[in-house]
């Protein structure tokens, strides 16, 4: 289901950080990283985020700049990394790859034209999470003693289920699919300036008088990462159809269209592959080791991360934040 479709249905409101203090947030690491990657690349000169050997290190700059937002608001982040991609998602992965390759061709043209505005825009769009980016981010998080969880499949599913099971207070992702995976409360805009958005599952379901299962059926009718929807059926129509017929099976009985693998798609959302884990949330960051890793090991200019490390150090020794030392 497209993000715009789900946003049209979701109950979302801005929530002050003051109401979130002391909370633990399961962060969709790939989603969070991608946001910082694109903004770091877009607004930072290339020699800052690329080493002399050509390795991209924008993730290290972005991570150091982004983590203080959690600590300064007394939030404990738990970073959840994606596992295996579901086979039903292969078409969506292929579509995204084709789109990125198209952007890469446009980027080459922009560089040939010497168009700096287009180059900056397209560089951000062609970013991808390489093995090096994921591995170096994980190592930096470990040095800063930030909890890391490996999801067996979708990272946002793991975040959602951790929130559902109460091992964390919130899921943190820009992906509206967190609703479908059952996250009771999801924080969005964690990489933006200002307060985050809070997406509430119970309020969403109450607004449309749907059960969670019915809401998943609405999404499948519109289309998800795992399936194409029914042509001409948008979110409002899907809600009406499911409300009238009760579930997606009854809806399809009254239509000529079919949706292959409906049972499997429903199961991916209603019973996702996750691990049962309770993360350790007492954080004791080794800022000196983390700084050395970023600056000395990976060659990031010290000035680019100095303020971020200063904020991390200051916010994790504040009196009253008894989780931090």
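The values are calculated or read from the model by the stated rules, or taken from the named source; none is laboratory data. It should be emphasised that the depicted structure is a prediction, and the values quoted were computed from it without experimental measurement. A quick note on method: Cβ atoms are made from the backbone with ideal geometry, for glycine too, and the neighbour counts reach across all protein chains shown.
Report, by residue number, each residue of segment 286-301 that is touching a residue at least 40 places away in the same chain (Cβ under 8 Å) and either farther than 18 Å from residue 68 by Cβ or touching a strand residue (DSSP E or B) at 6+ places or on another chain (Cβ under 7 Å) (or both).
Taking segment 286-301 and keeping what is touching a residue at least 40 places away in the same chain (Cβ under 8 Å), we get 286-287, 289-290, 293-294, 298-301.
Correct list: 298, 299, 301.
Return the residue satisfying two criteria in turn: it lies in segment 242-255 and is farther than 10 Å from residue 217 by Cα and in contact with a helix residue (DSSP H, G or I) (Cβ under 7 Å, 6 or more places away or on another chain), and of such residues it is modelled with the highest pLDDT.
Our first condition is that a residue be farther than 10 Å from residue 217 by Cα; within segment 242-255, this holds for 243-245, 250, 252-255.
Filter again for in contact with a helix residue (DSSP H, G or I) (Cβ under 7 Å, 6 or more places away or on another chain), leaving 245, 254.
Numbers: 245: 97, 254: 92.
Taking the candidates together, the pick is 245.
Yes or no: segment 165-178 includes at least one residue that is surrounded by fewer than 18 Cβ atoms within 10 Å (Cβ to Cβ), in a helix (DSSP H, G or I) and at pLDDT 90 or above. Yes, segment 165-178 contains a residue that is surrounded by fewer than 18 Cβ atoms within 10 Å (Cβ to Cβ), in a helix (DSSP H, G or I) and at pLDDT 90 or above.
In segment 276-285, is there at least one residue being under 30 Å from residue 213 (Cβ atoms), touching a strand residue (DSSP E or B) at 6+ places or on another chain (Cβ under 9 Å) and surrounded by 13 or more Cβ atoms within 10 Å (Cβ to Cβ)? I'd like the intermediate steps shown before the answer.
The first filter runs over segment 276-285 and keeps only residues under 30 Å from residue 213 (Cβ atoms), leaving 276-279.
Now restrict to residues that are touching a strand residue (DSSP E or B) at 6+ places or on another chain (Cβ under 9 Å): 277, 279.
Now narrow it down to the ones that are surrounded by 13 or more Cβ atoms within 10 Å (Cβ to Cβ): 277, 279.
The answer is yes, given that some residue of segment 276-285 is under 30 Å from residue 213 (Cβ atoms), touching a strand residue (DSSP E or B) at 6+ places or on another chain (Cβ under 9 Å) and surrounded by 13 or more Cβ atoms within 10 Å (Cβ to Cβ).
Within segment 147-164, the set of residues being in a helix (DSSP H, G or I) and under 15 Å from residue 226 (Cβ atoms) comprises 156, 157. Scanning segment 77-91 for residues that are touching a strand residue (DSSP E or B) at 6+ places or on another chain (Cβ under 7 Å), modelled with pLDDT of 95 or more and either more than 26 Å from residue 224 (Cβ to Cβ) or part of a helix (DSSP H, G or I) (or both) turns up at least one hit.
Residue selection: residue 215 fails the criterion of being within 17 Å of residue 5 (Cα to Cα), modelled with pLDDT of 95 or more and within 17 Å of the chain's Cα centre (by Cα). Restricting attention to segment 195-202, does a residue exist that is assigned to a helix (DSSP H, G or I) and farther than 17 Å from residue 271 by Cα? For segment 195-202, residues assigned to a helix (DSSP H, G or I) and farther than 17 Å from residue 271 by Cα: present.
In segment 29-44, the residues that are within 17 Å of residue 305 (Cβ to Cβ) reach residues that are surrounded by 20 or more Cβ atoms within 10 Å (Cβ to Cβ) and at pLDDT below 65 with C-beta atoms within less than 7 angstrom, at least six apart or across chains, in these pairs: 37/127; 40/49; 41/49; 41/123; 41/127. Filtering segment 229-254 to residues that are touching a residue at least 60 places away in the same chain (Cβ under 8 Å) and not in a helix (DSSP H, G or I) leaves 229, 234.
When the criteria are applied in full, residue 64 fails the requirement of being closer than 17 Å to residue 190 by Cβ, in contact with a strand residue (DSSP E or B) (Cβ under 9 Å, 6 or more places away or on another chain) and either modelled with pLDDT of 90 or more or surrounded by fewer than 21 Cβ atoms within 10 Å (Cβ to Cβ) (or both).
Quick grid of which residues meet (1) touching a helix residue (DSSP H, G or I) at 6+ places or on another chain (Cβ under 8 Å); (2) within 14 Å of residue 30 (Cβ to Cβ):
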site	(1), (2)
155	yes, yes
159	yes, yes
165	no, no
179	yes, no
182	yes, no
185	yes, no
198	no, no
204	yes, no
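Sort through 213, 257, 310, 304 and tell me the only one that's surrounded by fewer than 18 Cβ atoms within 10 Å (Cβ to Cβ) and either touching a residue at least 60 places away in the same chain (Cβ under 8 Å) or part of a loop (DSSP other than H, G, I, E, B) (or both).
Numbers: 213 fails: either touching a residue at least 60 places away in the same chain (Cβ under 8 Å) or part of a loop (DSSP other than H, G, I, E, B) (or both); 310 fails: either touching a residue at least 60 places away in the same chain (Cβ under 8 Å) or part of a loop (DSSP other than H, G, I, E, B) (or both); 304 fails: surrounded by fewer than 18 Cβ atoms within 10 Å (Cβ to Cβ).
Checking each option against the conditions leaves just 257.
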